[in-house]
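Written below as structure tokens is the structure these notes are about.
Please treat every number below as a calculation from the coordinates, not as lab data. Values in this document were obtained by computation on a predicted structure and should not be read as measured data. Every residue, glycine among them, receives a Cβ derived from its backbone with ideal geometry; neighbour counts consider all protein chains shown.
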2 protein chains.
Amino acid sequence: MAARADGETVVEASLLHAAQAEVAAGIDALFDRRLAIPSDPRERLYRAMRHAATGGGKRLRPLLVRAAGDLFHVDRALSLRVGAAVEAMHVYSLIHDDLPCMDDDDVRRGKPTVHRAYDEATAVLAGDSLHALAFEWLVDPATHADPFVRSELVRELALAAGPAGMAGGQMMDLAAETVSFDLPTVTRLQQLKTGALIGFSVEAGAILARVPPEGRKPLRAYARDIGLAFQIADDILDVEGDEALAGKALNKDAAAGKQTFVTLMGIDRARAQASLLVDQATAHLAGFGDEARLLREIAHYIVERDR
Amino acid sequence: MAARADGETVVEASLLHAAQAEVAAGIDALFDRRLAIPSDPRERLYRAMRHAATGGGKRLRPLLVRAAGDLFHVDRALSLRVGAAVEAMHVYSLIHDDLPCMDDDDVRRGKPTVHRAYDEATAVLAGDSLHALAFEWLVDPATHADPFVRSELVRELALAAGPAGMAGGQMMDLAAETVSFDLPTVTRLQQLKTGALIGFSVEAGAILARVPPEGRKPLRAYARDIGLAFQIADDILDVEGDEALAGKALNKDAAAGKQTFVTLMGIDRARAQASLLVDQATAHLAGFGDEARLLREIAHYIVERDR
């Protein structure tokens, strides 16, 4: 990675990589323990959940919980638990999005999708199960001793996942196959579909530290900007990326006739916009010192990643 | 309704009917307000949720929350809110269970199923949305001022809905199409598939009143017995019931080659067992006085209903 305008270099890259590796290992260990396979007819359900949830993915959302929690010296074991909940929610959404009646995808994270490896009914139930588990894990007293914090986390995650968040964005995405959306509508779609859960991940770090809503404003602004930058980068990768690295089918949006940031802005403007959003995101962190290094690094990673 | 051995007559039937009508109207009003249709591309999602959630169903689960809450003088506006959450969870499960890859049903509550009235993708997302909304509504500060109570409710509902509850039972039910289960396994299947959410509904009334787990034991025992009686009655109705009254296709289990309480016990023994369970359920309420009349009445209704 080359030196950048802000003078950050390889040093932070290794901070990011170390944190990402640690979070990924922690998430896999938690999933492994919590998704222990029962010896009864539910065995297939647990195998399907493990297939989707373990050993893959960038673990971006748990990484964001950890990075935001670090700002307020949150115990990393706690931010990892919240990270596992948000990752379970994310994985459930991937399983359902991949279904034949939705995006009809065969490959995800370099493996067959759940309905291909198992069957559609199992995929529906594995998604439903991870959806419920996300809330069960979040509200476990071990996640936070203060029930107010637990209930705040549940509230924010439910809002981010439901029809005013991820599920609503997915519905707009279905409509995008038949209606041609303009840039403000695509922006809103993506704020719901991917932005809401990214926003939760960042805000959760502050909620764990009992930071009141006013104090979370810079983090919400950071999350809004990186969420959008993430999706623009995704649209660019959908056109220019490598399927083997991505571990999923690419060029699907164009084939479905959907408007994306790339079709609406052109690839050069899209790239410039993503870069601008990263600068804006890190500017929102100006009130923080070195403890925000990981969040800054993640913002850059989000647009520079190759998968 | 004829006089019964325990001497309860028409008087309680009208108590039950009045409570059921009041709860049904309250649930419809809450759903109507909370599922207001937005004027954006998510309109179809909200219409699909309203199609499934409003104007139908026995509202048994919200009725149980109200009846259990009445034991401890819980504000009925609060038990109605919790009832709306558990009903949203129940409706989501019906939408997903009816999908072509699951039970492939065309009619539910006398109307076309969601995937028939809309499409499969919308049905998946309408179910997912109601699943998230159940938790969002439960954890709303208006549901209970004490965050500990809210987080307890979320924990119990997540356990009842997830792979150790409803979703796990549904997975066993899929397996029942290819493996012939014995009576203990069918009992366990039904305890997860329908019993867990019925158990939550009853226990929620006590949680709202901050009754500690030890104090909820007779209610848990009552719920276990009526949950099983409910499923035996369902299996009997599946054979003897009227499709027009039921508002859904009947005789499906036999056609799918699944073992049920009726196939395993014969209809006479199944009927006797259901009746025994109702007696047992009401016996668990012996420590309560007249304030448990509605719960007793519900236990009888569960096996005497014609839909």
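Tell me, what ³J(HN,Hα) does each residue in the range A:265-271 have, in order and in whole Hz, if you take phi through Karplus 6.51 cos²θ - 1.76 cosθ + 1.60 with θ = phi - 60° and put x for Gly and Pro?
Working through the residues one at a time gives 10, x, 5, 5, 5, 4, 5 Hz.
Please work out the Cα center distance from the range A:100-151 to the range B:161-189, rounded to the nearest Å.
20
Ignore the peptide's own chain and count Cβ atoms of other chains within 10 Å of each Cβ in B:137-143; give me the average, rounded.
4
Which residue, chosen from A:99, A:175, A:201, occupies the Cα position most advanced towards the positive end of the dipole of the protein assembly as shown, where the dipole is computed from +1 (Lys, Arg) and -1 (Asp, Glu) charges on Cβ about the Cα centre?
Farthest towards the positive pole: A:201.
By its C-alpha gyration tensor, with a ≥ b ≥ c as the square roots of the eigenvalues, how is the range B:32-106 shaped: rounded for a/c under 1.5, else prolate for a/b larger than b/c, else oblate?
Oblate is the answer for the range B:32-106, as a/c is 1.5 or above yet b/c matches or exceeds a/b.
Please identify the trypsin sites (Lys or Arg not before Pro) of the range A:134-217 that satisfy two criteria: DSSP loop assignment and at most 15 other Cβ atoms within 10 Å. Which are they?
Taking the range A:134-217 and a limit of 15 other Cβ atoms within 10 Å, the loop trypsin sites (Lys or Arg not before Pro) found are A:210.
Strictly greater than 35 Å: what percent of every Cα pair in the protein assembly as shown meets that?
Roughly 40 percent, once rounded to a whole number.
For the pair residue A:39/residue A:273, report the inter-label distance in nm, with labels modelled 7 Å from Cα in the Cβ direction.
So the two model labels end up 5.6 nm from each other.
Sort the following peptides by mean Cβ neighbour count (other Cβ atoms within 10 Å, averaged over residues), highest first: B:161-173, B:109-121.
Those peptides, ordered most packed to least, come out B:161-173, B:109-121.
Along the Cα→Cβ direction, 7 angstrom out, place labels at residue A:307 and residue B:244. What is the inter-label distance in nm?
6.1
Can you work out the FRET efficiency for the pair residue B:32 and residue B:75, with r the C-beta to C-beta distance and R0 = 30 Å, to the nearest 0.05?
Once rounded, the FRET efficiency stands at 0.90.
If the limit is 26 Å between Cα atoms, which of A:217/A:248; A:258/B:248; A:111/A:252; A:248/B:258; A:58/A:193 go over it?
Among A:217/A:248; A:258/B:248; A:111/A:252; A:248/B:258; A:58/A:193, the Cα-Cα distance tops 26 Å for A:217/A:248; A:258/B:248; A:248/B:258.
Using θ = phi - 60° and the Karplus curve 6.51 cos²θ - 1.76 cosθ + 1.60, what whole-Hz ³J(HN,Hα) does each residue of the range A:272-286 get, with Gly and Pro shown as x?
Each residue's phi maps through the Karplus curve to give 5, 5, 4, 5, 4, 5, 5, 4, 4, 4, 5, 4, 5, 8, 4 Hz.
Pop out the ³J(HN,Hα) list for the range B:22-34 in order, Karplus 6.51 cos²θ - 1.76 cosθ + 1.60 with θ = phi - 60°, rounded to Hz; leave Gly and Pro as x.
5, 5, 4, 5, x, 5, 4, 5, 5, 4, 4, 6, 7
Report, please, the projected area of the range A:10-304 averaged over directions, based on the convex hull of its C-alpha atoms, in nm². Let's see the in-between values first.
On the way: hull surface 58.6 nm².
Taking the Cα atoms of the range A:10-304, their convex hull projects to 14.7 nm² on average.
What spacing in nm lies between the two simple spin-label points modelled at residue A:221 and residue A:187, each 7 Å away from Cα in the Cβ direction?
1.6
Using r as the Cβ-Cβ distance of residue B:104 and residue A:15, and R0 as 45 Å, what FRET efficiency do you calculate, to the nearest 0.05?
The calculated FRET efficiency here is 0.30.
Based solely on its DSSP helices, what 222 nm [θ] is calculated for chain B when runs of n ≥ 4 H residues each add -39,500 (n - 2.57) and the sum is averaged over all residues, nearest 500 deg cm²/dmol?
Numbers: 16 runs with 205 residues, N = 307.
The helix contribution divided over chain B gives -21000 deg cm²/dmol.
How shielded is A:32-43 by partner chains, expressed as the average number of their Cβ atoms within 10 Å of its Cβ atoms?
Counting other chains' Cβ atoms within 10 Å and averaging over A:32-43 gives 3.
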